[in-house]
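Undergrad: If you scroll down you'll find the structure; I have some questions about it.
The values are calculated or read from the model by the stated rules, or taken from the named source; none is laboratory data. Values in this document were obtained by computation on a predicted structure and should not be read as measured data. Positions of Cβ are generated from backbone atoms using ideal geometry, with glycine treated the same way; all protein chains shown enter the neighbour counts.
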Amino acid sequence: MKPYFIYIDGQQVGPLNFDELRERKINRETLVWMEGKADWQKADTFEELQELFKKIPPPVNVAPILTPPTVEITQTPNYNEHKATGNRMKKVFIGIGLAVLILAGLSAFATYQHDEEIRNQEFEMRIAEQDRQIREQRIAEINKELAESYQTLDKAKAQLHDATAFKLLRTSDERHQQITEAEKVVKSWEEHITVLETELQTLKVQY
């Protein structure tokens, strides 16, 4: 099985096998990457990781249901009047209970939406930070490669200069062939440097 990489506590951790991943106690929102994936994804999108979450039941979000108090009716000479009053009280309590239930549901939904927005914002911030680190790493790599390429270009130009000199013992055809090959090498390195400089400029503008 291919190793996994996770992004947790602002750091990239890996490679990890499945058992090591289990020990990390990741959640469904943890960002995971493995070879073959184009980008980081939430852990719960990986089918093979689903069993890591089976033992963790989802949160219970059930609004309390208020049971209206019962009114004990004592038969008295005014029984019908008391009965009517009791019915009205029941309706009042039922109405209050339904209102409280609706308010609790709306409050729970608003809280869920707020938490979801916060999670999305945190996820976008993690992705942005990850992109920034990748760009910084690539800029450092390009600068290093440019320095090496400039040195190699200088050597190629020196070889071209030697090839154009008449001090070497060779025929005219050999001299022409050596010059042509040296010019191709110089041009190849110049084109490579141009590509690197263009990429570096693009990364700096994005950064």
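Undergrad: What pairs can you find where one residue is in segment 10-25 and outside any strand (DSSP E or B), the other is at pLDDT 85 or above, and their Cβ atoms are less than 6 Å apart, with a gap of 6+ or different chains?
TA: Taking only residues 6 or more apart or on different chains, the pairs are Leu21/Tyr4.
Undergrad: Further question on the same structure: For Asp131, only one of the following conditions fails: (1) over 36 Å from the mean Cα position of the chain (by Cα); (2) within 30 Å of Asp39 (Cβ to Cβ). What is its number?
TA: Every listed condition holds for Asp131 apart from (1).
Undergrad: Suppose we filter Leu160, Leu169 for residues that are aliphatic (A, V, I, L, M), modelled with pLDDT under 90 and not in a helix (DSSP H, G or I); which single one remains?
TA: Leu169
Undergrad: Inspect all residues belonging to segment 125-139 and state whether any of them is hydrophobic (A, V, I, L, M, F, W, C), outside the structural domain of Gly10 (by TED's automatic domain parsing) and in contact with a Ser or Thr (Cβ under 9 Å, 6 or more places away or on another chain).
TA: no
Undergrad: Moving to a separate point now. Six or more apart or on different chains, Cβ under 7 Å: which pairs go from a residue in segment 87-104 that's touching a residue at least 40 places away in the same chain (Cβ under 8 Å) to one that's surrounded by 13 or more Cβ atoms within 10 Å (Cβ to Cβ)? Could you list them?
TA: Pairs found: Ala104/Ala63.
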